[in-house]
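What follows is a single structure, written as structure tokens, with notes after it.
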Amino acid sequence: DAVYFPAVAQAVPGPDKTVFAYFTDGRITQLDMKPSIAQGGVFSQLADDAFFVSALTVLNETVAWDVSGCYDPANCIDIDPFTAYEAPAVEDPLEEAA
């Protein structure tokens, strides 16, 4: 059996510093970024609500924040795709809203 390497197709901001990660195999997880933000360092930039929402994207096939504004995969804050994949699975929040 081939091992699935998690690949994020879409990242959507959720409530209270969370992110919904949509994977290519159909799994949807919700990452809570508050513990990472609390650790500071590179993640401290995510404390800014406007940056958290506007810079959120998919780079390197995972949840990422575009630091430079140029979608440079080398200049982003990205989450290990396995970490994102192992976050709690959720129903599609976009379908619930419809």
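Things worth noting here:
- Residues located in region 37-82, provided they are among the hydroxyl-bearing types (Ser, Thr, Tyr) and in contact (Cβ under 8 Å) with a residue 24 or more places away in the chain: 57, 62
- Region 26-60, subset in a helix (DSSP H, G or I) and of a type in the set (S, T, N, Q), residue most open to solvent (accessible area, probe 1.4 Å): 39
- Hits in region 1-14 (condition: free of Cβ contacts under 8 Å to residues at least 40 places away in the same chain and touching a helix residue (DSSP H, G or I) at 6+ places or on another chain (Cβ under 9 Å)): 4
- Scanning region 61-71 for residues that are under 20 Å from residue 83 (Cβ atoms) and open to solvent by 70 Å² or more (accessible area, probe 1.4 Å) turns up just one, 61.
- For region 76-96, a tally of residues being assigned to a strand (DSSP E or B), among the charged types (D, E, K, R) and open to solvent by less than 60 Å² (accessible area, probe 1.4 Å) returns 0.
The values are calculated or read from the model by the stated rules, or taken from the named source; none is laboratory data. All values reported here derive from a predicted model rather than from experimental measurement. Every residue, glycine as well, gets a Cβ built from its backbone with ideal geometry; the counts of neighbours run over all protein chains shown. When the accessible area is computed, the model is the full protein with side chains, heavy atoms only, and any ligands, DNA or RNA have been set aside. Shrake-Rupley method; radii C 1.70, N 1.55, O 1.52, S 1.80 Å.
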